[in-house]
Structure formats: C-alpha cells, structure tokens
Amino acid sequence: MKIKQEHFIESIFSALQYISYYHTPDFIKSLVAAYEKETNNSAKNAIAQILINSKLCALGKRPLCQDTGIVNVFLKIGMDVQWESGLSVEEMVNEGVKKAYTYSDNPLRASIVSDPIFTRKNTTNNAPAVVHTNIVSGSNVDIIVAAKGCGSENKAKFSVLNPDDDLTEWVLNNIPKMGAGWCPPGVIGIGVGGTAEKAMLMAKSSLMEPIDINEVQDKSHKTEIEMLRIDLYKKINELGIGAQGLGGLTTVLDVKIKDYPTHAASQPVAMIPNCTSTRHVHFTLDGSGVAEMPVIDFDIYPDIEMDVSQYKKVDLNNLTREQMQDWNIGDTLLLSGTLITGRDAAHKRLKTLIERNEGLPENVNFDNKFIYYVGPVDAVGDEVIGPAGPTTATRMDKFTDMMLENTGILGMIGKAERGSSTISAIKKHKSSYLIAVGGAAYLISKSIKKAKIVAFEDLGMEAIYELEVKDMPVTVAVDTVGQNIHQVFDSITLLR
C-alpha cells in the first residue's frame, strides 16, 4: 500500500497538537505516585501544580508548557513502503510541523531560530524538525513524534570515559550539575557505547520508552542493565534534589539506558533528561489513512486542588524591600499586581541601552517591580495570554547585577537555581528571587488578568510585557539575606 503525502503531513500535525496538551498515561500515573508519597511540602505543592496543570491542558487543549519545544521525529521506514508524494520525507515532516505550530485553535510557540551562529532569526513556524530515519524490513512507517523543551535539552551531558571508568560515578557526579532547570521530576535517558553521536541518539530515543521502573523492580530475573537502572534510580532520588529542585523524595520517575558495541579503547556516555512536560506519541502509518491518536482516559487524573491556605498573599503594587525581609526560603506566596517580563533577548537589548546611557524604553517601568522571566504562547479566544510558565533563570545571571543596579527592580521570578555571584547581588541589593513551577504554564496563565506588550515587539515571544496578575503562585528561592533553597546542588557537588 502507498503512504500518501497528505496523510503523512496530517498525521505529524495531529501528533504535535496531541502531545502539546496530553501527557502520556504512564507519566501521569508515575507522577501521582510521587505526589502521594512525597513528604516535602514545597515539592508536594509543585507536583500538585504540575498535575492540576496537566488536567487543565487536557480539558482545554492548550499547551502543557510555554516552551512547546524543538520537534524530534524518529522514523522507521519499511523497505517495501511506496510513497505518493512530491515531497521528501523530511519535507513532509516539516510541513506537518508548520501546520501544527501555526494552527489557529491552538497555536504553539515558535522557538526555532535559523542561522544559529549569527542572526538567530526566528523561523516563525518552528520548522525545521530534527529527523532521524532508519530503513527496516516491512511495508509500514513507524513514527515517534516528540517535542523537547530546551530547559531539559540544554542540560544534556556527554563524555568519553575510559573503558574502566565507573558509569554510576559519572552519572551521580553530573546530575547535581544539571541543577533544576530541566524541571524535575522527569526521566533520565542514558546512552552508552557506539560513537559520540550514537550515544547521544540512544540517550534521546530512550526517553520515548514507557515509564516502567516499578515493573522492572518487581521482576524476579533482571538483566544487568535493569539492575543498573534500578541502582541509578534509587541513588539519584537519594540525592534529595526533588521536584523543581525543592528537595523531597522524587527527582526522577525512571532511568532509561540503551547500549551499543563500541571501540575497545572507548566508552562514550550521553545523558539527557526529559522534563515534567514530557511530550511524545508513537503511531504507525500503513497506507490506510491518517493516524489515529490514543484516546485519553480522564480517570487517570487525580482530584487535586491547590491548598491556598499555605500561601501568603502579596500586593506587588505596594510591596517594599522591608516587607520582603520577612520572607524566608520555602515560603509560598500568591502575587497580585503588576509584573514586567523579560528574558534573554530583552536583557541583551536593555544592557546595550544602559551601557549607552540611553535610558529604558519609553513604556517600561521596572521601579519597585518584579521581572518575570517568561516567553508566553499566543492567546486564543478570550484568553488574556497563552500558557506562560517560567524560563530558566540561570541564563539571566550575567544580567542580574546590572538590572538590580540600574532599573530599580525589587526581584525576579523564574525557575531553577541562581549562580553564586547572582545570589551575592541579590543579597547586596536586599532583593529576592522567586520560582514559579516549570510545567504549570497553563495554570499560571489563569492568574494573569491583563497583558500588553510594552517594548521590543519585534522579538515575538521574547518581547517585554506588562502583566497584571491575581494570586500567581510562587515560592521564595533566594531571600533578601542570600539564603538559597537550591543550595543542595552546591553541597552535593562539594561532597563529590
């Protein structure tokens, strides 16, 4: 049978829309189990927000995370497949990507830039995808479509170990160095052997496999790799990094390992995490038409609500540095008032303006405000804004002292840890750093009541917005005296 061009493109489109708002059932079940056993209140609250966000997205068919990812497609094409198409397979993939990311009912954030070394211009439709193709026996096309956010993608690790080096030691040394920017709890994928690129591909592809660590632990006869998976799963969770780096029992929901024969003098090792917004789906085209996506059973979602009694209400419009001194790390807050957004590209432009003594853009007033590191998804229907979760704050470390010194901001909101120099700057200026939950983007967007672009509109999702929020949930990560909730990463690293 022939695979028709329109069926292939429509299937890629359908898959990307599907994974933008549906977690896989195995992930939800594993996350529910982690929530039920968690004893750390901050971590338990973070997992609750992720689960609530997941159900909201599934019902509303809106993205789980504002970072709707770089598209990865894994193809196994049967040698007997015939095509009815005027496009190459990769061109058909990219047509599906373009259609999915510009779909008016659920537009997905376009994050892909061309000319990566120089102009880094946004392609506006998230194409091209990264496509991996294997030619196999048979007459079907087996497809895995994934969307990988860069909070986790940027934490990929690779090394060529000596043949007698300890793989477990390498993994446990590198997990703390990944910090919390990959939005745990998630899955760790490891590839060992082959060559550099083979190890990386194995690590990435292993993340597409079902979460099954509990079933593996229950097996009476385990392979050596299964025993290694269990050992790493336990030891990584014993590090105490926990959900969003807040501590607790669960950092990883599973550890996947793939291996391949390699040179006698080499041991290539790659490690890639998958975040709380893990997004992938597997389907087959046999020539009969467009692929049908799996039906979601909504009974897998737990009946969880946020316990707002744990939160302190904060009026951002009347907040003072003196009031912030009463905050302690781990405090949970509900923010109401005005926020100003800004992330990488906006910070770079602000730095240029400040260095040239040209002042801030006309409509931007940071004075006594918090800056929120976010690049939202476009709004649809009656939405004020699309999913608007935090981006990794660590990337803004090099701008933080400048911003505190020159703009009058009170503090910052993002996700993940801050570097030591940034924490020193926060302490010097009696500022603070708050974290919102990565993986709760749609939930957070519900707290945003007004949104308008006030500068750098040409930057698209990286433009500066002024937001009016009502009861936006955050956690104090660095307080005004420099106490740091993510200090666990530093202490673990020092111990090693």
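The values are calculated or read from the model by the stated rules, or taken from the named source; none is laboratory data. Treat the numbers as computed from the prediction; the structure is a model and nothing was measured. Positions of Cβ are generated from backbone atoms using ideal geometry, with glycine treated the same way; all protein chains shown enter the neighbour counts.
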Within the range 24-49, the residues that are closer than 20 Å to Ile485 by Cβ and surrounded by fewer than 18 Cβ atoms within 10 Å (Cβ to Cβ) are Thr39, Asn41
Taking into account only those residues within the range 168-183 that are closer than 18 Å to Ser266 by Cβ and surrounded by 16 or more Cβ atoms within 10 Å (Cβ to Cβ), which is nearest to the chain's Cα centre (by Cα)? Val171
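Just a yes or no: is a residue in the range 239-262 without any contact (Cβ under 8 Å) to a residue 24 or more places away in the chain and either part of a strand (DSSP E or B) or in the same structural domain as Gly151 (by TED's automatic domain parsing) (or both)? Explain how you work it out, then say what you get.
Looking only at the range 239-262, we keep the residues that are without any contact (Cβ under 8 Å) to a residue 24 or more places away in the chain, and these are none.
No, every residue in the range 239-262 fails to be without any contact (Cβ under 8 Å) to a residue 24 or more places away in the chain and either part of a strand (DSSP E or B) or in the same structural domain as Gly151 (by TED's automatic domain parsing) (or both).
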Condition first: more than 19 Å from Asn368 (Cα to Cα), of a type in the set (Lys, Arg) and in contact with a Leu (Cβ under 9 Å, 6 or more places away or on another chain). Now tell me which residues in the range 417-449 satisfy that. Lys446, Lys449
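One line per residue, one yes/no per condition, for (1) in a strand (DSSP E or B); (2) closer than 22 Å to Ile70 by Cβ:
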site: Lys155; (1), (2): no, yes
site: Asp164; (1), (2): no, no
site: Trp182; (1), (2): no, yes
site: Val187; (1), (2): yes, yes
site: Ile190; (1), (2): yes, yes
site: Leu201; (1), (2): no, yes
Could you count how many residues in the range 60-116 are within 23 Å of the chain's Cα centre (by Cα), part of a helix (DSSP H, G or I) and not β-branched (Val, Ile, Thr)? 7
Looking at the range 337-359, is at least one residue over 26 Å from the mean Cα position of the chain (by Cα), touching a residue at least 24 places away in the same chain (Cβ under 8 Å), assigned to a loop (DSSP other than H, G, I, E, B) and assigned by TED's automatic domain parsing to the domain that holds Val478? no
Checked the range 1-54 for anything among the basic types (Lys, Arg) and under 23 Å from Leu333 (Cα atoms); matches are Lys44
Filtering the range 119-145 down to residues that are at pLDDT 95 or above and more than 20 Å from Glu90 (Cβ to Cβ) yields Ser137, Gly138, Ser139
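Got a sec? Which of Asp299, Asp326 is outside the structural domain of Asn41 (by TED's automatic domain parsing), in a loop (DSSP other than H, G, I, E, B) and among the charged types (D, E, K, R)? Show your work before the answer.
Numbers: Asp299 fails: in a loop (DSSP other than H, G, I, E, B).
Going through Asp299, Asp326 in turn, the sole match is Asp326.
When you look at Gln82, is it in contact (Cβ under 8 Å) with a residue 40 or more places away in the chain, surrounded by fewer than 17 Cβ atoms within 10 Å (Cβ to Cβ) and among the polar types (S, T, N, Q), yes or no? Walk me through how you get there before you give the answer.
Values: in contact (Cβ under 8 Å) with a residue 40 or more places away in the chain: yes; surrounded by fewer than 17 Cβ atoms within 10 Å (Cβ to Cβ): yes; among the polar types (S, T, N, Q): yes.
For Gln82, the condition - in contact (Cβ under 8 Å) with a residue 40 or more places away in the chain, surrounded by fewer than 17 Cβ atoms within 10 Å (Cβ to Cβ) and among the polar types (S, T, N, Q) - is met.
Report whether or not Pro163 is under 21 Å from the mean Cα position of the chain (by Cα) and surrounded by fewer than 17 Cβ atoms within 10 Å (Cβ to Cβ).
no
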Checked the range 455-479 for anything surrounded by fewer than 18 Cβ atoms within 10 Å (Cβ to Cβ) and assigned to a strand (DSSP E or B); matches are Glu468, Lys470, Asp471
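Okay, residues lined up against (1) surrounded by fewer than 20 Cβ atoms within 10 Å (Cβ to Cβ); (2) in contact with a strand residue (DSSP E or B) (Cβ under 6 Å, 6 or more places away or on another chain):
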position: Glu358; (1), (2): yes, no
position: Pro361; (1), (2): yes, yes
position: Asp378; (1), (2): yes, no
position: Gly389; (1), (2): no, no
position: Glu405; (1), (2): yes, no
position: Lys428; (1), (2): yes, no
position: Ala436; (1), (2): no, yes
